[in-house]
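The values are calculated or read from the model by the stated rules, or taken from the named source; none is laboratory data. This is a predicted model, so every value here is computed, not measured. So basically every Cβ, Gly included, is an ideal-geometry build from the backbone, and we count neighbours across all protein chains shown. Quick note on the areas: whole protein, heavy atoms, side chains included, nothing else; ligands and nucleic acids left out. Shrake-Rupley method; radii C 1.70, N 1.55, O 1.52, S 1.80 Å.
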Amino acid sequence: MIEIARFADVYEAEIVASRLRADGFTPTLGGAEHAKADPLILQALGWIRLSVPDKEAASATARLAALRAGVEAIEEQPDPEPGSLPDRTLPARVTLGAALLAFLVGS
C-alpha cells in the first residue's frame with residue numbers, strides 16, 4: 001500500500017475514498033475510525049492517510065490531482081430573470097374556492 005494523500009478532515013477523506021472506489025480503485029483510510037471516535041487524536045495520528053495498492057498508486061494519484069483541479073466541477077447556472085419564469089400561482093378565486101370547500105367538507 002502506498003499513501004497518496006493525507007486529510008485533516010475525516011469526512012473529506014471518506015468522500016475522496018468513496019469517489020476513488022467509484023472509479024475502480026481500492027483505497028483504504030488509515031486512522032479514520034480512530035478520528036471518528038475521538039477527533040482530538042487526529043493530529044497525534046498524523047491526519048487521515050489515504051492509501052492504495054502499489055499497482056494503483058500512479059493512476060489514483062493522477063485521478064486525485066484531476067479531481068482537486070476541478071476537472072469535473074459543475075458550472076454554476078445564473079439565476080433566471082424575474083419575468084422569464086411562467087406564473088405558477090393559482091388565481092385567487094380557485095384558492096378561495098378550495099379553502100371554502102375544505103371548510104364545508106370538514107364540518
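Structure values in brief
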{"read-out": "Pick from the stretch 9-39, criterion open to solvent by 60 Å² or more (accessible area, probe 1.4 Å) and hydrophobic (A, V, I, L, M, F, W, C), ranking: nearest to residue 57 (Cα to Cα)", "value": "22"}
{"read-out": "Positions within the stretch 45-70 being farther than 12 Å from residue 10 by Cβ, in contact with a helix residue (DSSP H, G or I) (Cβ under 9 Å, 6 or more places away or on another chain) and of a type in the set (A, V, I, L, M), in sequence order", "value": "52, 60, 64, 67"}
{"read-out": "Qualifying position, being free of Cβ contacts under 8 Å to residues at least 24 places away in the same chain and closer than 17 Å to residue 68 by Cβ, among 44, 22", "value": "22"}
{"read-out": "The listed residue being within 17 Å of the chain's Cα centre (by Cα), on the phi < 0 side of the Ramachandran plot and open to solvent by less than 50 Å² (accessible area, probe 1.4 Å), out of 42, 64", "value": "64"}
{"read-out": "Sole exception among (1) in a helix (DSSP H, G or I); (2) surrounded by 10 or more Cβ atoms within 10 Å (Cβ to Cβ) for residue 103, by number", "value": "(2)"}
